Each structure stands twice: as C-alpha cells, then as structure tokens.
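The values are calculated or read from the model by the stated rules, or taken from the named source; none is laboratory data. The structure displayed is predicted, hence computed values, not measured ones. With ideal geometry, Cβ positions are generated from the backbone for all residues, glycine too; neighbour counts draw on all protein chains shown. Please note that ligands, DNA and RNA were not included when accessible areas were found on the heavy atoms of the full protein model with its side chains. Shrake-Rupley method; radii C 1.70, N 1.55, O 1.52, S 1.80 Å.
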Amino acid sequence: MKHDRTIPMDASEVQLAACLYCRARQKTLCGGCELTELRSISQLKGKREYSAGETIFRPGDRPHFTGIVVEGTVSVGFALPNGDERIVRFLTEGNFFGRTGGQPVPYCFRAETDVRVCAFDQQDFENSMQAMPAMEAQLRDILIKEIDASREMIAWLSGPDARQKLTLYLVHLCEQQDGAVKGNAGPVRITFPATQGMVANHLGITRWSFSREMSWLRSQGIISSSGHRTVIVHRPDRLIDIASSGRSDRNKARPALSGTGVEAAVQ
C-alpha cells in the first residue's frame, strides 16, 4: 500500500511561506517584490514581539533595525512641555518605522496592544533598497501616501470643535479600512487603532468630549458600538455631511491662503 508522506520544509522555505501568506505584505515595502526578491528578503528578516505598554524606541534612540508592523498597534508620540504626552500617529498592519543612517528618533514608539513586528537589520534594509528596484519603488509610493495621510491629519486636527474632529477621523477610518465611503449606504464596520482615550489624545480633545460626541452620534442613529474599539457606521452619508458642514463653515469664516498650499491641507 502506498502512503502519502509530508516532506518537511527547510528553514528558508518556512520563512518564504510566512512572507507569502503574510496579511501585511501587500500593504508594505515588499508588496511589489517578485518571488526571487521575496525569497531574499525572507532570509534577512527577524521577528520581534512586544507586549501592550512596552516601549520600542525612546526619543534619542538610534534604531538598529527597520520594523514593519505585522499585527497590533504602535503609537508614536512626544512629550509636551507640561509633561503630558501627545500621540501624533498610530502605526497598524503594514506600516513601517525606523531611521536610516543611524539617525536618532525624535518620538516615543510604544506598543498599545500586543504587537508583532517583522524586523530588518538597518544595513541589510538599506542594501535591499539599492539591490531591489521594486522595493525602492514601493517605498516611494508609501511615502507619497504618508504625505497624503499627514494632510488628512491636518484636516481633522484643524477642525473647529470636537464634533468635527471626531467625524472627520471616523470618515478617515472608513476610507482606510473599508475603501471608498462616499456614496456608500452602509453599514461600515471600523475599528479604533487604540483605546478611545488614546484616540481622543491623538485628536487633541478630552476623553469627556470624545464620549459626549460618540453618544450624540449614537443618539442620531449614525453609529453604534460593538465592543470597546469597534464601531458600526450605519449612515456614512450623514457622517460625511456632518464632517463637511463644519469644515465648510470654517472655510467661509476664514479666507483661503492662496498660493501657499495651506488650502489643500485643510480641505
């Protein structure tokens, strides 16, 4: 009788398989790589895991690796003069972080949830950029998207009040996690990248204001909550109207700064 036998893979094949089936791959630097390039990359990477609350880098640290978030949320923040911390960014699946040339990081990078990171030695990473045009091209595309994301962040942080800041941010999450939201009849399920207190910090509003505005949106039937971090947007069209109306009112009250590019950042 003939018996089927599973042939074990060697370590390099296991590493390649992990890359091929990685959920973050298409969102990050190695997304455009061919199989041969991906095989080379898979042999250079390492794995790092951090528990929720653990600091990855402190301001002034010189990272010796470039990390790609495979699972979890990393917050990026800095200390204000009064000692409070301000969150400027959340890194989630597919986002990368680090510094080239041994430069120090200006921010604190902290795991807000349990985090799994794909890590590359800094020199190996820089060599890969030079040797693999697809990876370099992907980096350029990602940096362009990062600039666009920064402009969006200016929009919601420059909102005149807590309601507009929150609704602009919710629209952003809908687009980021569910694709095009305009014209979508709903519902759209989104997940906050961290606790509501941390999101409120990121938006520059108090936890009390955040909770009040979330309650108002629920009372209007626009959203409902499903657990601590998941929100279901039942009326994306109405959410966009609220976010846009506040922004339009603000633009009417302030003349556009023609020729400076500021109008593109806040509209």
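Scan (1) part of a loop (DSSP other than H, G, I, E, B); (2) at pLDDT 90 or above for the single condition residue 212 breaks and write down its number.
Failed condition: (1).
Within the set of pairs 6 or more residues apart or between chains, which connect a residue that is farther than 12 Å from residue 108 by Cβ inside the range 67-95 to a residue that is in a strand (DSSP E or B) and among the small types (Gly, Ala, Ser) with Cβ atoms less than 7 Å apart?
Cβ pairs passing all conditions: 67/119; 72/111; 90/75.
Mind listing whichever residues of the range 76-96 are in a strand (DSSP E or B) and closer than 21 Å to residue 169 by Cβ?
If the condition is that a residue be in a strand (DSSP E or B) and closer than 21 Å to residue 169 by Cβ, then 76, 77, 78, 85, 86, 87, 88, 89, 90, 91 are the ones that fit.
When the range 3-19 is examined, which residues are found to be within 19 Å of residue 46 (Cα to Cα) and either charged (D, E, K, R) or at pLDDT 80 or above (or both)?
If the condition is that a residue be within 19 Å of residue 46 (Cα to Cα) and either charged (D, E, K, R) or at pLDDT 80 or above (or both), then 10, 13, 19 are the ones that fit.
Can you pull out the residues in the range 74-94 that are farther than 19 Å from residue 205 by Cβ and crowded, with 17+ Cβ neighbours inside 10 Å?
Result: 74, 91, 92, 93, 94.
Go through the range 30-43 and count every residue that is assigned to a helix (DSSP H, G or I) and at pLDDT 80 or above.
Residues that pass the stated criteria total 9.
Name, by its number, the condition in (1) among the polar types (S, T, N, Q); (2) open to solvent by 50 Å² or more (accessible area, probe 1.4 Å); (3) touching a residue at least 12 places away in the same chain (Cβ under 8 Å) that does not hold for residue 122.
(2)
Provide a single number: the residues in the range 44-71 that are part of a loop (DSSP other than H, G, I, E, B) and open to solvent by 20 Å² or more (accessible area, probe 1.4 Å).
Residues that pass the stated criteria total 11.
Here are the criteria: (1) open to solvent by 20 Å² or more (accessible area, probe 1.4 Å); (2) polar (S, T, N, Q); (3) under 28 Å from residue 192 (Cβ atoms). Tell me which single one residue 15 does not satisfy.
The failed condition is (3).
Where in the range 101-209 are the strands (runs of 3 or more DSSP E), entirely inside, with at least 2 residues that are of a type in the set (Val, Ile, Thr) and modelled with pLDDT of 90 or more?
Once the strands (runs of 3 or more DSSP E) in the range 101-209 are filtered for at least 2 residues that are of a type in the set (Val, Ile, Thr) and modelled with pLDDT of 90 or more, what remains is 115-121, 188-191.
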